Structure formats: structure tokens, C-alpha cells
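Working notes, structure below.
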Amino acid sequence: VRATRGGDEVRGYVPSMGQIFLRRFQMVTQFRQSLEDGHVSVHYQPKITLPNRQVAGVEALVRWVHPEFGRLGPDEFVPAIEAAGLIGVLTSFVLEESLRRVRKWLDEGLRISAAVNLSVRNLGDEDFPAKVQRELERFGVPPELLTFELTESGVMSDPQKALPILRELHSLGIELAVDDFGTGYSSLAYLRQLPVDQVKIDKSFVLGMGTDLGDLAVVRSIVELGHSLGLTVVAEGVEEDVARDQLEAMGCDVAQGYLISRPLPEDRLEAWLQARTARSPGRHSETVLTL
Ligand code: C2E
Ligand code: MG
Ligand code: MG
Ligand code: MG
């Protein structure tokens, strides 16, 4: 190893395998307690429709402020939670929080849908659709205000198991989205067979399309492919006006990204919505966004 002193200082301390293992072990054993203690929460990132820029819905993104490790991103702990067989606990929590939030909006006269990310392991639970239906009924939320997002690699890893459960969820009236599209073994023929309503273009292409013609071509062809299959096309990772304008020109249906808003805790999302929506009294579902 030829690490210079300067390089080490920049990179800081590199944990050993033992320390990584211990950290994962602690995450997994402390997760339930952290849920009880209120250290796990859900942030929401708004999405807007193009070209009229109305609030299309929010994506629920889990957050964990660990008492010892500090803020943990889902990329850091969701895989460990999955491997430990605790994804059902996590998904139930995020689903419940999201439905409670959608219910509150309905009570305020707003129809805003929430998208919850699923792990392929959720689809290994045969009772999952029944559980989801019970939760929808408990909160009195119509199924079309719930979307589940799944990565294509997730669905592809075990289609035999995943497909019947996806069909069941879909037949309940829940929207299904393929997340991070373009990154896996994007079999276009396969996409046609999936009971999905939306395709989300992976943010790497959206972030790159201003400078990379290849990325731009990928984005353009996903928009066309999605539309030819009758799907709603969502772009994630929209950070610049230019990107939003290009997507709008291509006919992309929905935009999500830091340009519109970062993922926000519930109270800050409320302030964001209030600052940007004009609510016409008495009219349900009238959410006009002025950006
Ligand atoms: P994802 O579902 O593809 O979510 C989008 C990710 O992109 C989020 O990262 C979001 O914060 C980030 N993002 C949004 N807009 C922009 C942008 O304009 N620029 C850039 N650079 N990034 C943007 P986050 O919150 O760290 O989540 C990472 C991944 O963790 C998610 O990717 C999802 O796969 C997973 N995840 C998050 N919450 C849950 C959950 O409740 N359950 C499961 N199973 N997975 C989750
Ligand atoms: Mg997602
Ligand atoms: Mg994504
Ligand atoms: Mg992702």
C-alpha cells in the first residue's frame, strides 16, 4: 500500500473489517430499540408533474439518527437490516408513517400520494399484500394514493416469487414503480410483463445528461420506451433548471430532485407545501404549485 500521509489525512480513519462487522452487528441488534426510541424517522421528497408543476406526490425515505454513529443513510443500514431479516419491521414502519401522513392531507382536503420503497425481501412474504390492505383500510387511504417502488434488479432476482405478489398488490389498486431504471439488466421485454405503472429513470443518467450525450440518449429512450408501454415516466436526480427544462421538452411526466426539494422531515415538508400551494377552498385535489 502506497498511501501518502496527506492522503491518509484527507481520507481520515479507515475502519478495519472487524470494526465494520461490529458496526453492522450493532445496527442490526439496535434497530428495534431505535424504532421504539424514535431515532428512526421518515423524510419525504416531493415530486412535481411536468409541465404544469403540480405536486405529484412524495417519496418516503427512511432516516436513522443512531445514538453512537450519528446520521446513517439508508444505503448504509438498509442492506444490513435486509440481511438480518428485519426488512418487514422497517417497511411496516415506513408504510404506517406514510399512510398516516396521506390521511392527514386527505383530512385537509389534499390528495397527495406517497411512494414507499420495497426490498425484494418484502416480496418473499406471502402475507405482504394482505398486510398492506389492512393498513390501507385502517387509515382509510384509497389504494391509488400509495405507490411501491422496486428496483428492477430486485424483481429480476426472483421473478417466480416476486411476480404473483406484485400482481396481487397491483390488483388492490396500488401503483407500482420500477426504481433506478437503466442500471440493472434492463430487459425491455421483461418490463412489459411486469404489472407496473411507472418507470423511474435512475439519477445517474439525469445528473449526467447535461454533459454526457450518452446519458442524454439513455434518458430520451427511457422516456420513449415508457410512453410506448403506457407508463408514467419519472426522472429522479433533477438538480438543475436545465435538466428540468430538457425533461419537460422530452415529455417526461414527473420530476424529483434537489431542484424541487431535498427530502424533508414532516414539519418542513408541511411548510414547503404551504408556501407553494394555493388551495382553493372546497375543492378536493386542487394543489397548485407555483415554483
Ligand atoms: P431511491 O429510492 O432511488 O431514492 C432516491 C435517492 O436519491 C434518495 O437517497 C434521495 O435522497 C436521493 N436524491 C433525490 N434527489 C436527488 C438529487 O437531485 N440529486 C442526488 N444526488 N440525489 C438525490 P437516500 O434517501 O439516501 O436513499 C437511498 C436509497 O435507499 C433509496 O434510493 C432506496 O433504494 C433506499 N431506501 C430509502 N428509504 C427506504 C425504505 O424505507 N425502504 C427500503 N427498502 N429502501 C429505502
Ligand atoms: Mg425510490
Ligand atoms: Mg431511485
Ligand atoms: Mg437508488
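Residue by residue, here is whether (1) within 16 Å of ligand 3 (Cβ to nearest atom); (2) touching a residue at least 40 places away in the same chain (Cβ under 8 Å) holds:
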| position | (1), (2) |
| --- | --- |
| ARG53 | no, yes |
| GLU59 | yes, yes |
| GLY85 | no, no |
| GLU97 | no, yes |
| LEU118 | yes, no |
| GLN133 | no, no |
| PHE148 | yes, no |
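Could you tell me whether the range 63-70 includes any residue that is hydrophobic (A, V, I, L, M, F, W, C), in contact (Cβ under 8 Å) with a residue 40 or more places away in the chain and open to solvent by less than 20 Å² (accessible area, probe 1.4 Å)?
At the first step, the residues of the range 63-70 found to be hydrophobic (A, V, I, L, M, F, W, C) are 64-65, 69.
Narrowing the set further to residues that are in contact (Cβ under 8 Å) with a residue 40 or more places away in the chain leaves 69.
Still in the list and also open to solvent by less than 20 Å² (accessible area, probe 1.4 Å): none.
No - not one qualifying residue is present in the range 63-70.
Quick check on the range 258-266. Is at least one of its residues open to solvent by 30 Å² or more (accessible area, probe 1.4 Å), basic (Lys, Arg) and more than 11 Å from ligand 1 (Cβ to nearest atom)?
No: zero hits.
Look at the range 78-98 and say how many of its residues are assigned to a helix (DSSP H, G or I) and closer than 22 Å to PHE21 by Cβ.
Keep residues of the range 78-98 that are assigned to a helix (DSSP H, G or I), which gives 78-83, 87-98.
Okay, now just the ones that are also closer than 22 Å to PHE21 by Cβ, so 78-83, 87, 89-90.
Number of matching residues: 9.
Could you list, ordered by first residue, the pairs with Cβ atoms under 9 Å in which the first is in the range 17-45 and on the phi > 0 side of the Ramachandran plot and the second is among the hydroxyl-bearing types (Ser, Thr, Tyr) and in a loop (DSSP other than H, G, I, E, B), at least 6 apart or interchain?
Partner pairs satisfying both residue conditions: none exist.
Suppose the filter is acidic (Asp, Glu), surrounded by fewer than 21 Cβ atoms within 10 Å (Cβ to Cβ) and away from ligand 2 (no atom under 13 Å from the Cβ); does GLU175 pass it?
On the way: acidic (Asp, Glu): yes; surrounded by fewer than 21 Cβ atoms within 10 Å (Cβ to Cβ): yes; away from ligand 2 (no atom under 13 Å from the Cβ): no.
The answer is no for GLU175.
Which of the residues spanning the range 101-154 are within 21 Å of ILE48 (Cα to Cα) and assigned to a helix (DSSP H, G or I)?
ARG101, VAL102, ARG103, LYS104, TRP105, LEU106, PRO143, GLU144, LEU145
Among (1) under 19 Å from ILE174 (Cα atoms); (2) small (Gly, Ala, Ser); (3) open to solvent by 40 Å² or more (accessible area, probe 1.4 Å), where does ALA84 come up short?
The failed condition is (1).
The values are calculated or read from the model by the stated rules, or taken from the named source; none is laboratory data. Please read these numbers as outputs of a predicted model, since none were measured by experiment. Every residue, glycine among them, receives a Cβ derived from its backbone with ideal geometry; neighbour counts consider all protein chains shown. For accessibility, only protein heavy atoms count, side chains too; no ligands or nucleic acids. Shrake-Rupley method; radii C 1.70, N 1.55, O 1.52, S 1.80 Å.
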